[in-house]
Each structure stands twice: as structure tokens, then as C-alpha cells.
Amino acid sequence: MSNQEKMPFVEALESYKEQHFVPFHTPGHKIGVEAPQLLKNWMGPALPYDLGVMYALDDLHEPERELKEAQDLTAELYGADCCWFSINGTTALIEAMIMGTVGPDEIIIIPREAHRSVISGLVLSGAKPVYMDCDFDERWGIPLGVSLENAIKSMDAHPEAKAILLVYPNYYGVGIDIVNIIQEAHKRGLIVLVDEAHGPHLPFSESLPIEAIEAGADLVAQSTHKSVGSLTQTSWLLGQGKKIDKRRITQMHQMLQSTSPNYIFLASLDMARHQLATAGNDLVSRGLELSMYLREELNKISGIATMEYTDIQERVINYDCTKVLIDAKGLGLTGVEFEHLLRNHRIEVELVQANHVLVLITIGDTNESVTALIKAVQAVSEKVLRTFKEFNNTEEEQLQDISKDSALLPAPIVRITPRNAMYANREQIPLKEALHRIAGETIAYYPPGIPCVAVGEEISASVLQYIENRKALGYVPNGSDDMTLETIWVLQE
């Protein structure tokens, strides 16, 4: 095994800085000499490391030395054969692995709860999507992913499919039966792609779900900035086995990464890998302990509940408990109302949905941060209950589920491949007149960024109802030209 205590790219970058070359290359601020003063205040010591493609340093697009070694160390840490670093996030990696495995009119099987970057990958590749039915939990208002039975059903119905894409674990930490789904996919000759954006920390505790690479996936994209220590906008793609064409993946990766990659971003990936290799087990274990303590304390608060694995274990295989769903249904609050009240206590959550908010407990959390959250939730509960009593109403009369929100997405009806639809002639019409028309734009809500209708799909009655429900609750769409969604782009008839 290689020396995981090394940081080859970081060391090369520091060595270059120490040689004090006089720069006659980009960036224009010349190692910070004439950066804006506010930028100097923010980033002063880091500015000399703000370099692009250098003759003296390795190249993201064709790494041969220190950067290649850093990527190889990452692959080794996760038990993969190869690794690609990204400074354009997991979005670019999901697009790259789709483009690197399927082409125009080839079929890829995907779940509806896939991120909108999957739709972008379909547009760029020209591939045709076939959607799998996914389970949904009405009590908690969350998607549970695709079951083994539904995955097999979709694969058997489309023997011509070339690849299958899985989301694991999902935004809420819910894990599908990934081992058996991968085995069934491989039996049928399918390449397995996994959006494991929320799973780079999984290998560092036996209490967490199995990671996708260990489960046998061929390509796995991870957002290292989401739960471990790299900078925002950085991610890595892991690959293994003979089913993937590594050179083709590299070519697609090159197309989707900046030709002026920020070396600080790349160095942060090398640092994050080193941190996980040397202290990952301790850091992740601490996060797990904090998440369990948080759940225990939150469930003591009136009107508050957290979703536990026991609530859903009959329908899912595993669960990452560092994703904590905090439900305020017992206080009669919608997720939007709950989030607003928490913000008054300087608490910023990850996701708002139905009657809940989602918080992420990561390696960066502490006793102090978790205690602040507990105190804020306690304060919200006390304020709401006190308000009810002032109106002389009983809790039973007022503490009801007043949310009409739901994370249950409309069933997709694909009429045209996303790529053909993206380049078709379009027209903008009132949303109320869009029933049964074909969408000319992709509409999603962030987070989690899952489309309620994608370009090339029929705008059904359930799509229109979903949008109206979201509008009524104050959600702002992403991807739509008209942010009010009074109008929508559709394909010309």
C-alpha cells in the first residue's frame, strides 16, 4: 500500500511557491501582488497558491506526476482502480460518467429522484432515459429510492439498456439495496453508475452503509465538499473494473473541466484525502456520536420528532444517521415556517420540505454546534406552544399537519429525448395552458435539485399540481425562465 501520509500535489505546490519564481503568466493579480484589497484581506496567505496550468506543476487534464499520484492515492484509499479530481463539482462528474458510457439514443435506466445534473448528462450525451419507479414514505414525506424488485423490473423490461444510474444514499441518507441491484445489473451486462454525492465519508465507520465502490459499482461520483474536508466546488470520481472505458471517461472529463483549474481547489482534494486516510475513522465516529446525541435530545422536545431507521427499515436496506430529519408536524408547522423560525436563532439548515428540515452532521461539527441547534429547536417549540396557549386553544386543536407540501414527484412521461427537446423550436405559454404539452425547460426546486418535469417530458396534471403546491408554499423554482412560473417554455406543436 502506498504512503497515505503523503500529500504529493500539496507538496509540489508548496515547493514551487518557495522557489519564488517571477510570474509572467496568469492569473493577472500575479501571486496576490495586485489582487483587490478585500480579496487580500480574505485570502492573503492563499493567493500565491492561486495558480492555473503551470509547466512546473502537473495538469488536471493529463496528469502525469504529483496530481496523478494524488488521484491514485485517493483511488487506493477507496479501493477503486482509478480516480478523477473535479473543480467543477459532482455535476460535471455525473455528466462525464453518463457521457462516457452512453451515447445518442442509447438507453440508460435512472431513478426519478436523480439530480438535475443527470438531465444535463442526458442532453450532452443524447441518451434516452428510462425511469424506475421509486418508493415514497408518506409519513415523513421523503423518497426512499428504488427497490430491488422495481430495479429488476425496469432492467428486464429494457434488455437493450446499456447502463443504470443509482442514487445512493439519497439526500436523506436512505440507502437502497445497492449490493443486489449491482449484482443483477452486472448479470445483464449493464454498467453501473452511482451518484454517491452524499457518501464520501461512508467507508470510515462500520456503523454506516456500505460504499458504492465496495458494493461493486463501476463509476461513483462523490461530493467531497458535502461531508468531508475539501473546498466547495470540488469532488472526485472513482472507477473500477473492465466495463468502463477509462480513456473515454478522461476525454469527457476534460470537456467538462475548466482549462484553467484552480490549484487551491485541487490541493484541497489532496488534503481531504490525506485527512481521511490519517484521521477519517476518528472524525467520522465523532460525527456519528454527535448525530445520535442530537437525535436523543431533539426527541425530548415537545412537538418535535426525528426520523429513525426503525421507522423505515422494513422498506430500505440501510441508513446514514448523520442526515438528521427534524420534523415539526407536532407543532403544526410547515417546513418553510420551521426554517424561518430557526433562522431567527442563527441556524441554517440544508433542506426544507413538507413538515421538516434536514440538517447534516459532518466531520466539522462540534458539541457547541449541536448544542446551538438543540437550543434553537427548543426555543421554537416553546414559542409556538406559548402562542397557542395565548389563543386559548388546546394543542390537539392546533397541532395538526397544515402542510400541503410533498416530496412525491410526478411520474415522468418522456416524449422526446432531452437532447432533441433542448434543440427543438420552443414557445412560451401560460402555465395554465400547458397541460399535455412537452416541456422545453427543466423545472426543479433546490435543494435537492430533482426535476419535477424535465425537458422533453409531458407536462401532466400532476406536474401542474406539484408546481402550484410549491408556489403556494413560497418555493422558488430553479431552471425556469419565468421565476414566477406563470409561464413555461414548451415545444412548438
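The values are calculated or read from the model by the stated rules, or taken from the named source; none is laboratory data. Fair warning: this is a prediction, and the values are worked out from it, not measured in the lab. Here Cβ is always computed from backbone atoms with ideal geometry, including for glycine, and neighbour counts include all displayed protein chains. Heads up: the accessible areas ignore ligands, DNA and RNA and are worked out on the full protein's heavy atoms, side chains in. Shrake-Rupley method; radii C 1.70, N 1.55, O 1.52, S 1.80 Å.
How large is the translational diffusion coefficient of the stretch 436-493 in µm² per second when you combine the Kirkwood radius over alpha carbon pairs with Stokes-Einstein at 37 °C and 0.692 mPa s? Stokes-Einstein gives a translational diffusion coefficient of 290 µm²/s. Residues with beta-carbon under 14 Å from that of N299, excluding N299: net charge, scoring Lys, Arg +1 and Asp, Glu -1? Here the charged neighbours net out to -2. On the beta carbon distance between R139 and S302, with R0 = 25 Å, the FRET formula returns roughly 0.85. Where both bridge residues fall in the chain, DSSP classifies roughly 70% of the beta bridges as antiparallel. Straight-line cross-link partners of K226 among the lysines, defined as a Cα under 18 Å from its Cα and at least 8 positions apart when in the same chain: K323. Ordering 411-418, 66-73 by mean Cβ neighbour count within 10 Å, with the highest value first, yields 66-73, 411-418.
With +1 on each Lys and Arg Cβ and -1 on each Asp and Glu Cβ, and nothing else charged, work out how big the dipole of the chain is about its Cα centre, in Debye to the nearest 20.
Working: 41 positive and 68 negative charges, 135 e Å.
Approximately 660 debye in magnitude.
All Cα-Cα separations within the stretch 47-129 were binned at 10 Å from zero, giving a P(r) of 16, 35, 30, 16, 3, each value a whole percent of the pairs.
Label separation (Q428 vs A46): 3.7 nm, computed from points 7 Å beyond Cα along the C-beta direction. In terms of its alpha-carbon gyration tensor, the stretch 80-179 comes out oblate; a/c meets the 1.5 threshold, while b/c is at least as large as a/b.
A 1.4 Å probe run over the protein chains yields, for the chain, 44 Å² of accessible area per residue, whole-number rounding. Taking 7 Å steps out from each Cα toward its Cβ at N344 and E314 produces label points 3.9 nm apart.
Tell me whether the stretch 199-242 comes out rounded, prolate or oblate; compute the Cα gyration tensor, take square roots of the eigenvalues as a ≥ b ≥ c, and use a/c under 1.5 as the rounded threshold.
Working: a/c = 3.38, a/b = 1.21, b/c = 2.80.
Note, shape of the stretch 199-242 comes out oblate.
Shape class of the stretch 130-186 from the Cα gyration tensor (axes a ≥ b ≥ c, square roots of the eigenvalues): prolate, since a/c reaches 1.5 or more and a/b is larger than b/c.
Taking each DSSP H run with n ≥ 4 as -39500 (n - 2.57) and averaging over every residue of the chain yields -11500 deg cm²/dmol at 222 nm.
The portion of the accessible surface of the chain made up by carbon and sulfur, rounded to a whole percent, is 50 (1.4 Å probe; DNA, RNA and ligands excluded).
Between E18 and K471, the simple label model (points 7 Å from Cα in the Cβ direction) yields a spacing of 6.2 nm.
Semi-axes of the stretch 21-164's equivalent ellipsoid from the Cα gyration tensor, sqrt of 5 times each eigenvalue, largest first, rounded to whole Å? Could you put the intermediate results ahead of the total?
Details: eigenvalues 350, 78, 47 Å².
They are 42, 20, 15 Å, listed largest first.
For K128, a cut-off of 16 angstrom between C-alpha atoms picks up these aspartates and glutamates, skipping any fewer than 8 places away in its own chain: E95, D105, E106, E160, E457, E458.
Determine the gain in length on full extension of the stretch L408-E214; use 0.36 nm per residue of separation and subtract their C-alpha separation, reporting nm with one decimal. Display every interim value, and only then the final one.
On the way: separation 194, 0.36 × 194 = 69.84 nm, distance 3.03 nm.
Computed gain between L408 and E214 is 66.8 nm.
Each of A277, N344, C321 was scored by the projection of its Cα onto the charge dipole of the stretch 269-350, and the greatest displacement toward the positive side belongs to N344; charges sit on the C-beta of Lys, Arg, Asp and Glu. Calculate, in whole percent, how much of the Cα-Cα pair population of the stretch 228-378 lies beyond 20 Å. The share of Cα pairs beyond 20 Å in the stretch 228-378 comes to 62 percent. The lysines within cross-link reach of K30, meaning a Cα-to-Cα straight distance under 19 Å and a gap of 8 or more places when in the same chain, are K17, K40. Both numbers refer to the Cα atoms of the chain; Rg and Dmax are 23.6, 75 Å.
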